[in-house]
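One structure is given below, represented as structure tokens, and several questions about it will come after.
The values are calculated or read from the model by the stated rules, or taken from the named source; none is laboratory data. Treat the numbers as computed from the prediction; the structure is a model and nothing was measured. Counting neighbours? That spans all protein chains shown, and the Cβs are built from the backbone with ideal geometry, glycine included.
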Amino acid sequence: MTDYKKVFVDTAPFIYFIEKNTNNPQYYDKVKNFFMNGYNNDKEFATSVITMEEYFVFPYRNNNHSYIDMFNRLVATTNMDIIEISQEIAKKAAQIRAEYKGFKAMDALQLAVACFECCDLFLTNDKQLRQFQEIKCITVDELE
């Protein structure tokens, strides 16, 4: 397992954990263990308002507010910071997109937040983001 002090959690791990994703049930246990190990070892967690926007679409669309409640409980239990997007983060995201030409705007913003929050790990399931050099990016697939 990769050692880290502070992890940025992208949107996909929330989906896998909260919804016990029926399309990828193998991911639930990996993400659950990751959150539990991090919590038990006093690791810091961060995400952004972008994660909230991306994650909340499905529950709102399907009138399933229990998923939003579960998201909020996970954030509270892990004492996860939810970071707002500032002008400095937006500038950093633009720099990231300039350097990594295939990165989408939302992904670049997420990575920029992780940089500003001094995260040393970025948990995602977007394999493309592993090429980012400033922070170690791993996919849920890579969790033990």
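Which residues, counting only those in the range 95-137, are crowded, with 21+ Cβ neighbours inside 10 Å, out of contact with any Leu (no Cβ under 8 Å at 6 or more places or on another chain), assigned to a helix (DSSP H, G or I) and not small (G, A, S)?
Of everything in the range 95-137, those that are crowded, with 21+ Cβ neighbours inside 10 Å, out of contact with any Leu (no Cβ under 8 Å at 6 or more places or on another chain), assigned to a helix (DSSP H, G or I) and not small (G, A, S) turn out to be L109, Q110, V113.
Checking the conditions here, which among K43, K20, K5 is surrounded by 13 or more Cβ atoms within 10 Å (Cβ to Cβ) and either of a type in the set (S, T, N, Q) or at pLDDT 95 or above (or both)?
On the way: K20 fails: either of a type in the set (S, T, N, Q) or at pLDDT 95 or above (or both); K5 fails: surrounded by 13 or more Cβ atoms within 10 Å (Cβ to Cβ).
Going through K43, K20, K5 in turn, just one is surrounded by 13 or more Cβ atoms within 10 Å (Cβ to Cβ) and either of a type in the set (S, T, N, Q) or at pLDDT 95 or above (or both): K43.
So, one more: Can you give me the number of residues within the range 92-144 that are of a type in the set (D, E) and under 20 Å from F35 (Cα atoms)?
Here is the first cut: in the range 92-144, the residues of a type in the set (D, E) are 99, 107, 117, 120, 126, 134, 141-142, 144.
Narrowing further to those that are under 20 Å from F35 (Cα atoms): 117, 120, 126, 141-142, 144.
Total meeting the criteria: 6.
In this structure, does A76 turn out to be within 17 Å of the chain's Cα centre (by Cα), free of Cβ contacts under 8 Å to residues at least 12 places away in the same chain and in a helix (DSSP H, G or I)?
Numbers: within 17 Å of the chain's Cα centre (by Cα): yes; free of Cβ contacts under 8 Å to residues at least 12 places away in the same chain: yes; in a helix (DSSP H, G or I): yes.
Here the answer is yes, as A76 does meet what is asked.
Here's a check for you: in the range 79-94, which residue that is of a type in the set (D, E, K, R) and more than 16 Å from the chain's Cα centre (by Cα) is nearest to F17 (Cα to Cα)? Walk me through how you get there before you give the answer.
Going residue by residue through the range 79-94, those that are of a type in the set (D, E, K, R) are 81, 84, 88, 91-92.
Of the ones still in play, those that are also more than 16 Å from the chain's Cα centre (by Cα) are 88, 91-92.
Details: E88: 31, K91: 31, K92: 29 Å.
Result: K92.
Looking only at the range 79-94, which residues are under 27 Å from Q133 (Cβ atoms), without any contact (Cβ under 8 Å) to a residue 60 or more places away in the chain and not in a helix (DSSP H, G or I)?
Initially, the range 79-94 is screened for residues under 27 Å from Q133 (Cβ atoms), giving 80-94.
From the residues that got through so far, the ones that are without any contact (Cβ under 8 Å) to a residue 60 or more places away in the chain too are 81-94.
The answer is D81, I82, I83, E84, I85, S86.
From the list K101, K91, pick out the single residue that is basic (K, R) and modelled with pLDDT under 95.
Going through K101, K91 in turn, the sole match is K101.
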